[in-house]
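The values are calculated or read from the model by the stated rules, or taken from the named source; none is laboratory data. Since we're looking at a predicted model, the values are computed, not measured. Every residue, glycine among them, receives a Cβ derived from its backbone with ideal geometry; neighbour counts consider all protein chains shown.
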Amino acid sequence: MGSWIKLLRATALLCAGVFWPGFPAAAATDTTSGTAARRPNIILLLADDMDYADVARYGGKLTATPHIDSIAKRGMEFTNAYVTCPVCGPSRVGILTGQYQDRIGFVTNHGPKIPPNFGLPTTVTLVSESLKDAGYATGMVGKWHLGFDAGMVPNDQGFDYFFGHLHGWHDYRPGVEEPGPILRNREQVKTSKYLTRELADEAVNFINAHREQPYFLYVPFNAVHGPLQASKETLKRFAAIKNQRARTMAAMVYELDEAVGRVLEAVKASGQDENTLVIFTNDNGGVGGQKPSANGKLRGGKAMVYEGGIRVPMFWQWPARIPAGSRYQKVVSTLDFAPTFIAAAGTTSSVAYDGLDLLPFITGRREGNPHHELFWNFVDAPNQKAVRKGDWKAVQPADDASWELYNLAQDVGETRDLAKEKPEKIRELERDWQNWNQSNVEPLWIDVRILQKRAAMKARK
């Protein structure tokens, strides 16, 4: 049934004929190269579990990140950018669907025991499917983490080409298949290089193979997610760092930055640099307290709805449209990727996006704030909730805890709880969160570890 629904949606998209001003519609067979008529290429580079402060631009001390930083220098830095969830899988749902994962029921990772229904339902439309329907070549290189079964893997979700792994993490060593195989489309392959380098090779090959057609390339690196592993030659670069964990992390960030640099160089060499939108961001905050650099001035980290878990570095470059060295300081979300890509491609979608097209805002054609409010509902133990409205952010760190209130313009580290001073603001934000939550659905599954933690918490009480 799901495949028929997707076919009907695709037909509707092709028949709608609605296009974004400034980018002429192109047929699915459009092979225009280097002309004004060509629609932009779109490349989304995603780091995994990277600390906010791993990026040198944000004070990272372990290693320079010149290639990642160059995206901001050649384009735009977003200073208030958020993901929809502080853990990997649900965050990726928001990125690829433009919808809160809570609307779909994909709200937790799968845990050590994979539920039989784990994955994105086949009725959900990804941005890759919409762009493919619009004539884009679509490729994915890296970590999936959105399903294992037929209908739920990348080649069934709008990607013409896939190279990577389906699990939430992977061993970096050449040839090691842990916790599962590396796939090229649906076939198992053996890697011969450190995995971050291998992924960079595949991304470059995809760019080189599609010089004559607009493409969407999604590159979710598994770096710097555990296990902490680096090649011997890269570790030698950081021999002066005595702490082994810090040295390994420095090497992993270095490898990630080098991979980003190779992708950027391939775009330049293709002659499509001016007309390629490149985005770099992270899937959630770093593992707070377990890495040398943590998340800078931000409170908390991965699996927390404080800023350290949900605020991420975000840099965009598109030389033809975005002025170099620019900054955007209003609140944005990875929910905005899908509708922005759809608009930039000159097509449309039937999806009821929670995000919106950011291009009119960042180019000055539209004033105001893209988002009146953003919401978080992290189904964990304890369950965590948050809402940001303007400079105000409310956090409920557990179901039985009081709501906390912070003014992020004055206190980005969330160190001073103003709830007792502003009870009316807390009531307002809690009411807004409850109203938003009414449109959400029940989780399709719950990570068994969450159930175990909840039982232990109940026993302690």
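Return the only residue of D417, D447, D400, D411 being out of contact with any Lys or Arg (no Cβ under 8 Å at 6 or more places or on another chain), within 29 Å of N295 (Cα to Cα), surrounded by fewer than 11 Cβ atoms within 10 Å (Cβ to Cβ) and not assigned by TED's automatic domain parsing to the domain that holds Q101. Walk me through it before giving the result.
Details: D417 fails: surrounded by fewer than 11 Cβ atoms within 10 Å (Cβ to Cβ); D447 fails: surrounded by fewer than 11 Cβ atoms within 10 Å (Cβ to Cβ); D411 fails: surrounded by fewer than 11 Cβ atoms within 10 Å (Cβ to Cβ).
The conditions single out D400.
Looking at the range 196-314, what helices (runs of 4 or more DSSP H) fall wholly within it and have at least 3 residues that are modelled with pLDDT of 95 or more and closer than 21 Å to L96 by Cβ? Lay out the reasoning, then the answer.
Details: elements: 232-237, 244-269, 307-310.
Helices (runs of 4 or more DSSP H) meeting the threshold: 244-269.
How do the strands (runs of 3 or more DSSP E) wholly within the range 353-433 filter down when requiring 3 or more residues that are among the charged types (D, E, K, R) and at pLDDT 95 or above: which remain? Don't jump to the end; show me each part of the working.
On the way: elements: 374-378, 384-389, 392-396, 404-407.
So the answer is 384-389.
What number goes with the only condition from (1) touching a strand residue (DSSP E or B) at 6+ places or on another chain (Cβ under 6 Å); (2) crowded, with 23+ Cβ neighbours inside 10 Å; (3) not β-branched (V, I, T) that R74 does not pass?
Status for R74: all satisfied but (2).
Going residue by residue through the range 193-206, is there one that turns out to be under 22 Å from A344 (Cα atoms), surrounded by fewer than 22 Cβ atoms within 10 Å (Cβ to Cβ) and under 25 Å from the mean Cα position of the chain (by Cα)? Even if it seems obvious, please write down each step before you answer.
Narrowing the range 193-206 to residues under 22 Å from A344 (Cα atoms): 203, 206.
Restricting the remaining residues to those that are surrounded by fewer than 22 Cβ atoms within 10 Å (Cβ to Cβ) gives none.
No - not one qualifying residue is present in the range 193-206.
Yes/no per residue for (1) among the acidic types (D, E); (2) without any contact (Cβ under 8 Å) to a residue 24 or more places away in the chain; (3) crowded, with 24+ Cβ neighbours inside 10 Å:
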residue: E274; (1), (2), (3): yes, no, no
residue: N282; (1), (2), (3): no, no, yes
residue: N295; (1), (2), (3): no, no, yes
residue: A324; (1), (2), (3): no, no, no
residue: K330; (1), (2), (3): no, no, no
residue: T334; (1), (2), (3): no, no, yes
residue: P339; (1), (2), (3): no, no, no
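Scan the range 298-320 for residues that are aromatic (F, W, Y) and within 15 Å of L46 (Cβ to Cβ) and jot them down. Show your work before the answer.
Step one: of the range 298-320, the residues aromatic (F, W, Y) are 306, 315-316, 318.
Hits for the range 298-320 are F315, W316.
Does the range 109-155 hold any residues that are in contact with a strand residue (DSSP E or B) (Cβ under 6 Å, 6 or more places away or on another chain), closer than 18 Å to P214 by Cα and either assigned by TED's automatic domain parsing to the domain that holds D380 or in a loop (DSSP other than H, G, I, E, B) (or both), and which are they?
Y136
Let me confirm something: among A25, A16, which residue is surrounded by 15 or more Cβ atoms within 10 Å (Cβ to Cβ), at pLDDT below 50 and within 25 Å of D354 (Cα to Cα)?
Among A25, A16, only A25 is surrounded by 15 or more Cβ atoms within 10 Å (Cβ to Cβ), at pLDDT below 50 and within 25 Å of D354 (Cα to Cα).
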